[in-house]
Amino acid sequence: MQEQHIVSSFDRDLESIQALIMKMGGLVEVAISDATRALEDRDEELAQQVRLRDKAIDALEDQVNSEAARVIALRSPTATDLRTVLTVMKLAGNLERVGDYAKNLGKRTSSLVQMPDIDGASGAIRRMGREVEHMLRDALDAFVQRDVAMAEDVRRRDQEVDQMYNALFREFLTFMMEDPRNITACMHLHFIAKNIERMGDHTTSIAEQVIYLVTGEMPAEERIKGSMPSYNLDL
């Protein structure tokens with residue numbers, strides 16, 4: 001009876017941590033959506049809200065890590081249970097980075113609203129952001145359902161995000177060459193597009209962790225990247 005009680009408590013601990021991950025994921029999805037909508041609508045107030053709400057995402061990461069460390073210390077999980085705890089911690093780290101990139105979008109939007117609009121750019125960026133948002137939702141669903149096929153599909157779709165980024169990169173170069181007055185705005189937009197591409201990378205990492213959780217092994221095939229060389233945009 002005592003052993004059954006311990007197992008039941010451990011299961012509740014795991015469920016609680018996973019619930020925190022899903023709450024964190026939901027906030028990150030909203031951050032992506034709002035950040036790209038603020039850019040398209042030139043809504044500085046919404047961009048500011050995205051920046052401020054990032055603190056809640058950071059706080060959830062801290063809570064996930066604290067709870068996971070407590071579970072490891074008190075329960076000494078092994079095998080699949082240990083993989084679950086470690087995976088949750090990695091997921092939290094990836095989600096926090098995606099949230100940071102969304103916050104960066106908000107910062108650059110505040111600068112861009114003061115500049116002339118680049119025709120079609122913000123709409124294209126929002127479509128790219130929407131694709132990453134859908135990938136993230138599917139990656140989190142794959143985690144809940146322990147669905148390897150869905151996680152593999154997320155990995156595949158990252159190539160589409162890379163292609164969207166490459167197309168935007170070339171488009172911004174064209175705008176800058178045609179009119180030097182577009183250079184500053186296009187540089188901001190390029191940083192935004194690259195941030196979204198990095199969101200896709202972190203979302204793909206979540207999918208790969210789901211595969212590891214279910215199978216015990218990371219994907220055998222190396223992920224194909226379609227991105228052009230670029231500056232370090234993690235700032």
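The values are calculated or read from the model by the stated rules, or taken from the named source; none is laboratory data. Because the structure is predicted, anything quoted here is derived from the model rather than measured. Note that each Cβ is placed from the backbone with ideal geometry, even for glycine, and that neighbours are counted across all protein chains shown. Accessible surface is based on the protein model in full, side chains and every heavy atom, while ligands, DNA and RNA are left aside. Shrake-Rupley method; radii C 1.70, N 1.55, O 1.52, S 1.80 Å.
Could you give the angle, 0 to 90 degrees to the nearest 10, between helix 44-75's Cα long axis and the longest principal axis of the Cα atoms of the chain?
Compared with the principal axis, the helix lies near 20 degrees.
Enter the accessible area per residue of the chain (Å², integer; probe 1.4 Å; all protein chains in place).
Counting only protein heavy atoms, the per-residue value for the chain is 49 Å².
By how many nm would the segment from Asp119 to Ala79 lengthen if fully extended, with 0.36 nm per residue of separation less the alpha-carbon distance?
Using 0.36 nm per residue and subtracting the Cα-Cα distance, I get 9.1 nm.
Out of the total accessible area of the chain (probe 1.4 Å, heavy atoms of protein only), what percent is carbon and sulfur?
Roughly 52 percent, rounded to a whole number.
What is the Cα centroid distance between segment 174-210 and segment 112-145, reported in whole angstrom?
Between the Cα centre of segment 174-210 and that of segment 112-145, the gap is 11 Å.
Can you compute the charge dipole magnitude of segment 65-183 about its Cα centre, using +1 on each Lys and Arg Cβ and -1 on each Asp and Glu Cβ, nothing else charged? Give it in debye, rounded to the nearest 20.
The dipole magnitude comes to about 460 debye.
Given the chain, what count of lysine pairs have C-alpha atoms under 19 Å apart, with each pair 8 or more places apart or on different chains?
So the count of such lysine pairs works out to 9.
Give the angle, between 0 and 90 degrees and rounded to the nearest 10, that separates the Cα long axis of helix 121-145 from the longest principal axis of the Cα atoms of the chain.
10
With N set to the residue count of segment 1-135, report its C-alpha Rg divided by 2.2 N^0.38 Å to two decimal places.
Rounded to two decimals, the normalised Rg is 1.34.
Restricting to DSSP H runs of at least four residues, report the calculated mean residue ellipticity at 222 nm for the chain, -39500 (n - 2.57) per run over all residues, nearest 500 deg cm²/dmol.
Roughly -30000 deg cm²/dmol at 222 nm, from the helical runs in the chain.
Under a Cβ-only charge scheme (Lys and Arg +1, Asp and Glu -1), can you give me the dipole magnitude of the chain about the Cα centre, in debye to the nearest 20?
Taking the Cα centre of the chain as origin, the dipole is about 320 debye.
By how many degrees, between 0 and 90 and to the nearest 10, does the Cα long axis of helix 148-178 differ from the longest principal axis of the chain?
20
Calculate the FRET efficiency for Asp41 and Ala167 from the Cβ-Cβ distance with a Förster distance of 25 Å, rounded to the nearest 0.05.
So the FRET efficiency works out to roughly 0.65.
Gain in length, Arg127 to Glu160, computed as 0.36 nm per residue apart minus the alpha-carbon separation, to one decimal in nm?
Gain in length upon complete extension: 10.7 nm.
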